[in-house]
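What follows is a set of notes on a single structure, which appears directly below.
The values are calculated or read from the model by the stated rules, or taken from the named source; none is laboratory data. It should be emphasised that the depicted structure is a prediction, and the values quoted were computed from it without experimental measurement. Heads up, the Cβs are rebuilt from the backbone with ideal geometry, glycines too, and the neighbour counts pull from every protein chain shown.
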Amino acid sequence: MQTVYLIGFMGSGKSTVGKLLHETLGGMYADTDQMIIDKYGEIVSIFEQKGEKQFRYYESEMLKHTAGGKFIVSTGGGIIERQENGEFMKNNGRIVYLATSFDEITRRLGNDPERPLWDKNHSEKERLYQRRNRIYSALADLKIMTDHKSPHSVAKEILGYLQ
Ligand code: S3P
């Protein structure tokens with residue numbers, strides 16, 4: 001088994017699917033958001049008090065903990081905002097993009113106050129989505145559409161690819 005990095009927009013199911021993969025594949029599990037929360041506190045507070053740039057540094061720091069191990073890694077949706085993170089993931093494992101349509105993301109997230117970057121008007125949200133969609137797609141070794149699929153069936157598709 002090699003390290004698998006799950007990337008995708010907020011609400012695409014990275015944490016749920018990551019845990020399912022880990023249950024089947026074993027190895028180690030890392031969730032970059034959770035690692036940041038454990039070390040630095042709540043994400044909303046980090047954004048408010050230190051800003052997005054600092055949060056992005058923390059993400060890079062957490063990602064580096066996965067070097068040399070066999071991990072399933074659930075990343076935060078903005079991990080690809082730093083190009084070096086994309087390069088790091090490329091060099092250290094397989095990248096799986098959980099691709100979810102904008103309409104479905106909007107439905108799943110509603111107005112989630114815990115996600116600072118979702119606190120925008122509709123067209124800003126869509127622009128963010130489209131810009132990131134291009135980056136996720138360019139980085140992905142595997143792209144899976146997740147609309148209308150259960151986390152179990154998404155995990156099963158990934159397992160099929162990894163075999
Ligand atoms: C972010 C996504 C969040 C979290 C933070 C920033 C983003 O993670 O890292 O709120 O920039 O898209 P999820 O993708 O798990 O929601």
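Filter region 40-93 for residues that are surrounded by 13 or more Cβ atoms within 10 Å (Cβ to Cβ), within 13 Å of the ligand (Cβ to nearest atom) and either part of a strand (DSSP E or B) or at positive phi (or both) and give the result. Residues satisfying the conditions are VAL73, SER74. Here ARG107 fulfils each of the conditions (1) within 22 Å of GLY18 (Cβ to Cβ); (2) exposed (fewer than 12 other Cβ atoms within 10 Å of the Cβ) apart from (2).
Evaluation of GLY160 against the conditions (1) in contact with a strand residue (DSSP E or B) (Cβ under 6 Å, 6 or more places away or on another chain); (2) in a helix (DSSP H, G or I) shows that the sole unmet condition is (1).
Of all residues in region 78-100, those being within 12 Å of MET10 (Cα to Cα) and out of contact with any strand residue (DSSP E or B) (no Cβ under 8 Å at 6 or more places or on another chain) number 1. In region 5-39, of all residues being closer than 21 Å to ALA140 by Cα and of a type in the set (D, E, K, R), the one that is farthest from the ligand (Cβ to nearest atom) corresponds to LYS19. Based on what the data block shows, is SER60 within 15 Å of the chain's Cα centre (by Cα), closer than 14 Å to LYS14 by Cβ and among the small types (Gly, Ala, Ser)? The answer is no for SER60. Which of the residues that make up region 131-152 are more than 22 Å from ILE79 (Cα to Cα) and loosely packed, with under 14 Cβ neighbours inside 10 Å? Those that are more than 22 Å from ILE79 (Cα to Cα) and loosely packed, with under 14 Cβ neighbours inside 10 Å: HIS148, SER150, HIS152.
Yes or no, residue by residue, for (1) modelled with pLDDT of 95 or more; (2) in a helix (DSSP H, G or I):
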residue	(1), (2)
TYR97	yes, no
ASP103	yes, yes
ASP112	no, no
LEU117	no, yes
LYS120	no, no
GLN130	yes, yes
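Does region 10-25 include one or more residues that are without any contact (Cβ under 8 Å) to a residue 12 or more places away in the chain and either touching a Leu at 6+ places or on another chain (Cβ under 6 Å) or more than 21 Å from ALA155 (Cβ to Cβ) (or both)? Scanning region 10-25, I find no residue that is without any contact (Cβ under 8 Å) to a residue 12 or more places away in the chain and either touching a Leu at 6+ places or on another chain (Cβ under 6 Å) or more than 21 Å from ALA155 (Cβ to Cβ) (or both), so the answer is no.
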